[in-house]
Every structure is written in structure tokens, then in C-alpha cells.
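Step one of this worksheet: look at the structure below.
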Amino acid sequence: MRREATAVWTGGLKDGKGSLTTPSGVLRSTPYSFGMRFENTPGTNPEELIAAAHAGCFSMALSGQLGEAGLTPERIETRAAVTLEKTDAGWTVTRSALTLKVRVPGAERAKVQAAADGAKAGCPISRLLNAKVTLETTIET
């Protein structure tokens, strides 16, 4: 399975602008810029898209892990906070902090936590990131 996206950039780093497009049409010439990435200019940026991908991937992986344990979640809500830091090697995504709120009526907390830990380790986006991935979990049963 292969997924694609296209980025087009014109101009210099600080005064230029770019757009992102995906074949699905979810992103259609979606603008991004230096200001959106490193300053407070409204708009998206690659790190925000990575955070969205990680949150979505983890949530689906958790649903699968819970299903394998014979559990059905009522609701999975995941927030991913990606940290971009200047390192000796240059700007680097150093961390993706997952915050999970999950409701699985009647489930044992230990089984839900085990599923969450498995999803964190097994999610393809977690494995893609060369960064520290953490998980903070709130379980409602």
C-alpha cells in the first residue's frame, strides 16, 4: 500500500510559500509557509499534519488492539502534540506526546492499558517517527 502527497514551494525560505495536495482531495493546494511553521501565522504545517496522522493512526491501532482483546470501545479520543526543536543536526521532531481518553464500558483497566501500550508501539506512524513517543492515558469503564 502506498500513499502520496505533493508539495509545491515557491520563493525563499522566509518569504516563500508552499501548498500541499493529496490525491484524495482532503488537501487541495493547502497553503503553508515559514510563518505558519515557525511563527504564529494561522494555517497548517508539516508538524501539525504529522500530529494529526499520529493521533489518527494510534486511535485506529487502539481500536484494533481492543478488538483483539474482545473489547469494544465506546469512544477513543487521542491528542498528539509534536515537538519541533533546533538540535545540533538542525530542526528535528524530537517528540510526539499522545494523550488518550478512552471509554470502554465494563473493561478491566489493565486490559485497556495493555491495548494502549500495544497500539503505541505498533502504530505505523509511531514506528515511522525517530522521536520519543509518550502516552498518557485516562480510562473510563
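The values are calculated or read from the model by the stated rules, or taken from the named source; none is laboratory data. Everything numeric here is computed off the predicted structure, so don't read it as measured data. Backbone-built Cβ (ideal geometry, glycine too); neighbour counts: all protein chains shown.
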Options SER59, SER29: the member that is on the phi < 0 side of the Ramachandran plot and hydroxyl-bearing (Ser, Thr, Tyr): SER59
Filter pass, ALA110 being free of Cβ contacts under 8 Å to residues at least 12 places away in the same chain and either surrounded by 19 or more Cβ atoms within 10 Å (Cβ to Cβ) or not in a strand (DSSP E or B) (or both): yes
Residue in the stretch 1-34 that is nearest to the chain's Cα centre (by Cα), counting only those that are polar (S, T, N, Q) and exposed (fewer than 11 other Cβ atoms within 10 Å of the Cβ): SER24
Single unsatisfied condition, THR87 versus (1) β-branched (Val, Ile, Thr); (2) more than 26 Å from VAL8 (Cβ to Cβ); (3) touching a residue at least 24 places away in the same chain (Cβ under 8 Å): (3)
Strands (runs of 3 or more DSSP E) lying entirely in the stretch 1-92 (those with 1 or more residues that are within 30 Å of ALA110 (Cβ to Cβ)): 75-87
Selection from the stretch 113-141 of residues that are within 14 Å of the chain's Cα centre (by Cα) and part of a helix (DSSP H, G or I): ALA119, LYS120, ALA121, GLY122, PRO124, ILE125, SER126, ARG127, LEU128
The listed residue being modelled with pLDDT of 95 or more, surrounded by fewer than 16 Cβ atoms within 10 Å (Cβ to Cβ) and within 25 Å of VAL26 (Cα to Cα), out of ARG127, ARG79, ARG103: ARG79
